[in-house]
1. In this structure, does Lys10 turn out to be in contact with a Ser or Thr (Cβ under 9 Å, 6 or more places away or on another chain), assigned to a helix (DSSP H, G or I), open to solvent by 60 Å² or more (accessible area, probe 1.4 Å) and among the charged types (D, E, K, R)?
2. What are the residue pairs meeting all of these: first residue in region 52-76, first residue over 13 Å from Val36 (Cβ atoms), second residue open to solvent by 50 Å² or more (accessible area, probe 1.4 Å) and in a strand (DSSP E or B), Cβ atoms under 7 Å, and 6 or more apart or on different chains?
3. In region 43-76, what count of residues is obtained for those that are among the polar types (S, T, N, Q) and part of a strand (DSSP E or B)?
4. Return the pairs, sorted by first residue and then second, in which the second residue is in a strand (DSSP E or B) and among the basic types (Lys, Arg), the first residue lies in region 29-50 and is farther than 11 Å from Phe70 by Cα, the beta carbons are less than 6 Å apart, and the residues are 6+ apart or on different chains.
5. Which one is least open to solvent (accessible area, probe 1.4 Å) among residues in region 13-47 that are among the hydroxyl-bearing types (Ser, Thr, Tyr) and modelled with pLDDT of 95 or more?
6. So if I check each of Lys74, Lys52, Lys69, which one is of a type in the set (Lys, Arg) and closer than 17 Å to Asp8 by Cβ?
Amino acid sequence: MNVKQTLDTKGLSCPMPIVKTKKAMDALASGDILEVLATDKGAVNDLSAWSKSSGHELLDHKEEDGIFKFWIQKGY
């Protein structure tokens, strides 16, 4: 996976991971992939729903040692 940018939102609670993800996505080109790191358990549902509603694609997500990792591709 060719990640264009990594966004660290660890330690932030809702809605800040979404706010920061939106801002980062706005700066990327269509098709670019953003990796988001979060510790907020709510981010799993929040980022999935936000990606779908904003026209982006959540490619994958996983949890490693309490850190949630998301890969979101900017919509075209």
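1. On the way: in contact with a Ser or Thr (Cβ under 9 Å, 6 or more places away or on another chain): yes; assigned to a helix (DSSP H, G or I): no; open to solvent by 60 Å² or more (accessible area, probe 1.4 Å): yes; among the charged types (D, E, K, R): yes.
The answer is no for Lys10.
2. Gly75/Glu57
3. Keep residues of region 43-76 that are among the polar types (S, T, N, Q), which gives 45, 48, 51, 53-54, 73.
Checking the rest, the ones that are also part of a strand (DSSP E or B) come to 73.
Count: 1.
4. Pairs that qualify, where the first residue is farther than 11 Å from Phe70 by Cα and the partner is in a strand (DSSP E or B) and among the basic types (Lys, Arg), are Asp32/Lys4.
5. We begin by selecting, within region 13-47, every residue among the hydroxyl-bearing types (Ser, Thr, Tyr); these are 13, 21, 30, 39.
Next, only the ones that are modelled with pLDDT of 95 or more stay: 21, 30, 39.
Details: Thr21: 0, Ser30: 62, Thr39: 58 Å².
My answer is Thr21.
6. The conditions single out Lys69.
The values are calculated or read from the model by the stated rules, or taken from the named source; none is laboratory data. Computed from a predicted structure; not experimentally measured. Positions of Cβ are backbone-derived with ideal geometry, glycine not excepted, and every protein chain shown enters the neighbour counts. With ligands, DNA and RNA removed, areas are computed over all heavy atoms of the protein, side chains included. Shrake-Rupley method; radii C 1.70, N 1.55, O 1.52, S 1.80 Å.
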